[in-house]
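One structure is given below, encoded as structure tokens.
The values are calculated or read from the model by the stated rules, or taken from the named source; none is laboratory data. If you're wondering where the values come from, they're calculated on a predicted model, not measured in any experiment. Note that each Cβ is placed from the backbone with ideal geometry, even for glycine, and that neighbours are counted across all protein chains shown.
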Amino acid sequence: MLSPSEHAALVAAVAQERDREAFARLFDHFAPRLTAYLMRQGAEAAVAEEIVQDAMVTLWRKAALFDPAKSSLTTWLYRIARNRRIDLMRRDRDTPVEPENPVFDVADTTDLEGELDATQREAAVRAAMKSLPEEQRSLVVLAFFDGLSHSDIAERTGLPLGTVKSRIRLAFTRLRRTLESDGVVEAR
């Protein structure tokens, strides 16, 4: 799952460097979600895939126009897809355009307050992580960012398993206190 800050960084890489790998990550993240959204709105699978392709081509071509200060990338792409679907419906004379059709509902696919809260929490956690002693921080990174088990960490670092567990536990105690004092999480 990509965060809004990762979205912005990847779009910037596409806009500035025509970074194909960044575009592929965005495509892999958004294409299935956009397809599912369009199908929930009543589009057939083939039509949904066509619209998604078009929306992602728009992202490739117009990445420089994306402004993260105005909306999230999720909102931007969903609006592009929604507008493409409306355009297709208008061109298709067999499909009457009805204002009550759910496609005309602007489905807010993001919780902007939730995104803001998540972004603020992420920043607070990163700041709190910097306050940890290096021997604790490095183990937390290995466990939670690299996804290693405690046993794998012990093997990789050469530390006893009990030491790994106690340092991670101490790190979380320290992180919890810091985040509680900053009001990021509620005190127990």
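Per-structure values
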| item | result |
| --- | --- |
| Residue match in the stretch 144-155 (condition: touching a residue at least 12 places away in the same chain (Cβ under 8 Å) and farther than 23 Å from G183 by Cβ) | yes |
| Residues that are closer than 24 Å to Q120 by Cβ, among the charged types (D, E, K, R) and out of contact with any Lys or Arg (no Cβ under 8 Å at 6 or more places or on another chain), drawn from the stretch 131-175 | R174 |
| Per-region count, the stretch 129-182, residues crowded, with 17+ Cβ neighbours inside 10 Å and among the hydroxyl-bearing types (S, T, Y) | 1 |
| Residue match in the stretch 169-187 (condition: assigned to a helix (DSSP H, G or I), under 21 Å from E6 (Cα atoms), at pLDDT below 90 and not assigned by TED's automatic domain parsing to the domain that holds L73) | no |
| From the options A55, A36, residue that is of a type in the set (G, A, S) and either surrounded by fewer than 17 Cβ atoms within 10 Å (Cβ to Cβ) or assigned by TED's automatic domain parsing to the domain that holds R121 (or both) | A36 |
| Selection count where residues are of a type in the set (S, T, N, Q) and touching a residue at least 60 places away in the same chain (Cβ under 8 Å), scope the stretch 40-68 | 1 |
| Unique residue being among the small types (G, A, S) and under 18 Å from the mean Cα position of the chain (by Cα) when the list is A69, A45 | A69 |
| Hits in the stretch 116-151 (condition: assigned to a loop (DSSP other than H, G, I, E, B) and either modelled with pLDDT of 75 or more or basic (K, R) (or both)) | S131, L132, P133, G147, L148, S149 |
| Qualifying position, being under 20 Å from P4 (Cβ atoms), in a helix (DSSP H, G or I) and assigned by TED's automatic domain parsing to the domain that holds Q16, among R61, R85, R79, R90 | R79 |
| Residues of the stretch 12-41 satisfying the condition of being not in a helix (DSSP H, G or I) and not charged (D, E, K, R) | Q41 |
